[in-house]
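This is the structure, below, for whatever I ask next.
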Ligand SMILES: NCCCC(=O)O
């Protein structure tokens, strides 16, 4: 099959479908999205679903806040219920350094309109009664944050993008990018060749290989992260915030009548493995014992593993390649991508159309590492 498209988006997760919807809704004709599996089958459906604007970097604060607004009007604008719970995010802080860092973050967030604040350990426990306060110095809380259902966001965007004329090709893998000099001429796929002058890489953990097809270096490394879900927890507050122990990285939020919980595992090594294992359980149990011993009593009923798409500074890569004309990318979100999906779709639409985006995103260009200008983010989970 031979196709023609104005733009080919590679990747059918939150970034790809958000970009497709934003472009198609803006009137871009012949938007084609290729996804080698099912929509959201990569990392998006395995995300914890947290949505927040509590970051240390002002770009991340603004990407998060803009996305929170979009999640808030998603049902009305995109036509899909995404199970949004605006229950807040609570970061539990145990050292003077953490408190100082989050104090600075709260000041910056407040200056950008985010209603976060530092609260006492006692107030934190009133919001999140499963925690213990021993050793806690303070917590950072923003009531506007929360969580929602990642695959609902993807399917909402995809359906709405199709309604605006975008074509979404599932089970279609991009296998090559044809260039004439520095100009893109086509994308080869398992379904055939698609003539196009523009490629947008939204391939998440698999972006390095997609970039390499065009000779563009996208420094993304996959890293497995695991999530567990529990049996129903009697008496769980309906508005339980997403609760994160910043020292251990243990986090949990309501998932129906039970909890969804996760934690980083320092023993994980980069790679594409997404099978689950129990090697993280002793560390998880230790973190629970330290910060929320009630969690130890809960029965785990399931879980899954997904991939973070890590960059050297654990921050996103968003921009247009300097060496290949019309190769755009939105990838490397390092664990905070789902929550930035709406804002990034809007920005990539504007980059594509040559408009000035609502935010100058140039500090997140993939060229920042060669220019020795990394952009580290402190509030990582
Ligand atoms: N990355 C898992 C938790 C979501 C978040 O970063 O807010």
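FYI, it's all coordinate maths here, none of it is from the lab. If you're wondering where the values come from, they're calculated on a predicted model, not measured in any experiment. Note that each Cβ is placed from the backbone with ideal geometry, even for glycine, and that neighbours are counted across all protein chains shown.
Exposure proxy check: 252, 369, 272 ranked by fewest other beta carbons within 10 Å?
Listed from fewest to most nearby Cβ atoms, that is 272, 369, 252.
Going by average Cβ neighbours within 10 Å, how do the peptides 206-214, 116-124, 137-145 rank, with the highest at the top?
Peptide ranking by packing, descending: 137-145, 206-214, 116-124.
When the helix-only estimate is applied to the chain (DSSP H runs of n ≥ 4, each -39,500 (n - 2.57), divided by the residue count), what is the mean residue ellipticity at 222 nm, nearest 500 deg cm²/dmol?
Result for the chain: -8000 deg cm²/dmol, rounded to the nearest 500.
Using alpha carbon centroids, what distance separates region 212-230 and region 109-135, in Å?
Each part's Cα centre sits 31 Å from the other's.
Under the classification rounded if a/c is under 1.5, otherwise prolate if a/b is larger than b/c and oblate if not, where does the chain fall, given a ≥ b ≥ c as square roots of the Cα gyration tensor eigenvalues? Walk me through the numbers on the way to the answer.
Numbers: a/c = 1.83, a/b = 1.72, b/c = 1.07.
Taking the square roots of the gyration eigenvalues as a ≥ b ≥ c, the chain is prolate.
OK, next. In degrees between 0 and 90, to the nearest 10, how far off the longest principal axis of the chain does helix 281-291 point, with axes built from Cα atoms?
Helix 281-291 and the main axis of the chain meet at about 50 degrees.
Could you give the length gained on full extension between residue 95 and residue 178, defined as 0.36 nm per residue of separation minus the Cα-Cα distance, in nm?
Once the chain is fully extended between residue 95 and residue 178, it gains 24.6 nm.
Identify which of 42, 88, 256 has the largest mean-square fluctuation in a Gaussian network model of the chain, with springs joining Cα atoms closer than 10 Å.
In this elastic network of the chain, the residue with the biggest mean-square fluctuation among 42, 88, 256 is 256.
Quick check: the angle from helix 14-25's long axis to the longest principal axis of the chain, C-alpha only, nearest 10 degrees?
The angle comes out near 50 degrees.
Once both axes come from the Cα atoms, what is the angle between helix 96-111 and the longest principal axis of the chain, in degrees from 0 to 90, rounded to 10?
Compared with the principal axis, the helix lies near 50 degrees.
Run through the DSSP bridge list for the chain and note the antiparallel percent, rounded to the nearest 5.
Numbers: 45 of 66 bridges.
Of the beta bridges lying entirely in the chain, close to 70 percent run antiparallel.
Shifting gears a bit: Given contacts defined as C-alpha pairs under 8 Å and at least six residues apart, what's the relative contact order of region 89-159, whole-number percent?
On the way: 80 pairs, mean separation 30.3, N = 71.
It rounds to 43 percent for region 89-159.
Using the number of other C-beta atoms within 10 angstrom as an exposure proxy, rank 57, 372, 278 with the fewest first.
Result, fewest neighbours first: 372, 278, 57.
Given contacts defined as C-alpha pairs under 8 Å and at least six residues apart, what's the relative contact order of region 222-381, whole-number percent?
It comes to 23 percent, rounded to a whole number.
Using Cβ counts within 10 Å as a stand-in for footprinting exposure, how do 43, 365 rank, fewest first? Don't skip to the end; give the middle numbers.
On the way: 43 26, 365 19.
Exposure proxy ranking, most exposed first: 365, 43.
Can I ask one more? Please compute the length gained on full extension between residue 4 and residue 133, using 0.36 nm multiplied by the number of residues separating them and subtracting their Cα-Cα distance. Walk me through the numbers on the way to the answer.
Working: separation 129, 0.36 × 129 = 46.44 nm, distance 5.96 nm.
Computed gain between residue 4 and residue 133 is 40.5 nm.
Report the FRET efficiency, 1/(1 + (r/R0)^6), for residue 269 and residue 119, where r is their Cβ-Cβ distance and R0 is 41 Å, rounded to 0.05.
0.65
Next up: Using Cα pairs under 8 angstrom and six or more residues apart, how large is the relative contact order of region 310-350, in percent?
Normalised by residue count, the contact order of region 310-350 is 38 percent.
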